[in-house]
Amino acid sequence: MAIKFIIDSASDVLPEEAEKLGVIHIPMTVRFGDTEYLDTVNLSHSEFYEKLIESDTLPTTSQIPPAVFSEAMKRATENGDCVIVISISSGFSGTYQSACLAAREFGDKVRVIDSESVCVGERILLEYGLRLVSEGKTADEIVSILNEKKKQIRVLALLDTLEYLKKGGRISAAAALAGGMLGIKPVITTDGGKVTVLGKARGSRQGNNLLRELVSKVGGIDFAMPFALAYSGLSDSLLQKYIADSPELLEGAPIPLPIYTVGCAIGTHAGPGVIAVAFFEKGTEREAGELG
């Protein structure tokens, strides 16, 4: 009896990556105006940002319905295998509740984990789960370990623009205008299903310094665990500059660095030009609480 994983596209795991990993990938729905797309299926990340930049209004995303999860669970369990679903944070989407509803008909064959994260934070939780499978852990053991270790995951992102926070109603137009004139670069995190601003810096250089400072505040990145770097938009130039400016922070990181693109779940609110890092923190629980 094998253990299989189901992941939603809010993890920014691409369908082709999921196939290589032996993971079942379920796309969320993205709507631009009256047109619907399946995230990462018929709307790539680059196509998403092209449309986002051109659009006057923000796109919307829809939770995955229970019936879609049910069909995936049926396929995954038909040979007697166990399934673990890792979902986008329940604070961001009703997708977790949909998965739980679908799982009821499968009894103990299916277990559902609320990642309490999104984007590359959700991705690294999946990667750790796959590692636990390779170590021979049982499904119950994996679920217990992941529910504990997910509390140590940190997702930090440096924004290049305030425009999309303004469009989403998270800051006022006046604040966005003033921030743009001053070159304000906020660092945000995902906390309890909300996008929270941890700090603000003036200019890209100070923004990079603030991001490094916040990573260091929790003791740095635990490179014995999965971690990920990511960027949003059509170019990784800002991320590459951050990497070049942060050799001490990334000392001990695997080579090549695990770099991915940020999709619609965070990109809708943060826009292009984001630098993001997701990692398991090394600091104490007290320090983690102070940061987030």
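The values are calculated or read from the model by the stated rules, or taken from the named source; none is laboratory data. None of the values given here were measured: they were computed from a predicted structure. No Cβ is skipped: glycine too gets one built from the backbone with ideal geometry, and neighbour counts run over all protein chains shown.
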### Summary
Apart from one, (1) in a strand (DSSP E or B); (2) modelled with pLDDT under 75 all hold for GLY180; the odd one out is (1)
### Residue that is surrounded by the fewest Cβ atoms within 10 Å (Cβ to Cβ), among those in the range 238-259 that are out of contact with any Gly (no Cβ under 7 Å at 6 or more places or on another chain) and either assigned by TED's automatic domain parsing to the domain that holds PHE48 or part of a helix (DSSP H, G or I) (or both)
ALA244
#### Entry: Identity of the residue in the range 214-237, within 19 Å of the chain's Cα centre (by Cα) and in a helix (DSSP H, G or I), that ends up surrounded by the fewest Cβ atoms within 10 Å (Cβ to Cβ)
LEU214
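Here's the yes/no breakdown for (1) of a type in the set (A, V, I, L, M, F, W, C); (2) under 19 Å from HIS25 (Cβ atoms):
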{"position": "PRO59", "(1), (2)": "no, no"}
{"position": "GLU78", "(1), (2)": "no, yes"}
{"position": "ILE84", "(1), (2)": "yes, yes"}
{"position": "GLY91", "(1), (2)": "no, no"}
{"position": "SER98", "(1), (2)": "no, yes"}
{"position": "LEU101", "(1), (2)": "yes, no"}
{"position": "VAL110", "(1), (2)": "yes, yes"}
{"position": "ASP114", "(1), (2)": "no, yes"}
{"position": "SER117", "(1), (2)": "no, yes"}
### Task
Could you grab the pairs with beta carbons closer than 6 Å, sequence gap of 6+ or different chains, first residue in the range 263-282 and among the hydroxyl-bearing types (Ser, Thr, Tyr), second one part of a loop (DSSP other than H, G, I, E, B)?
THR268/LEU58; THR268/PRO59
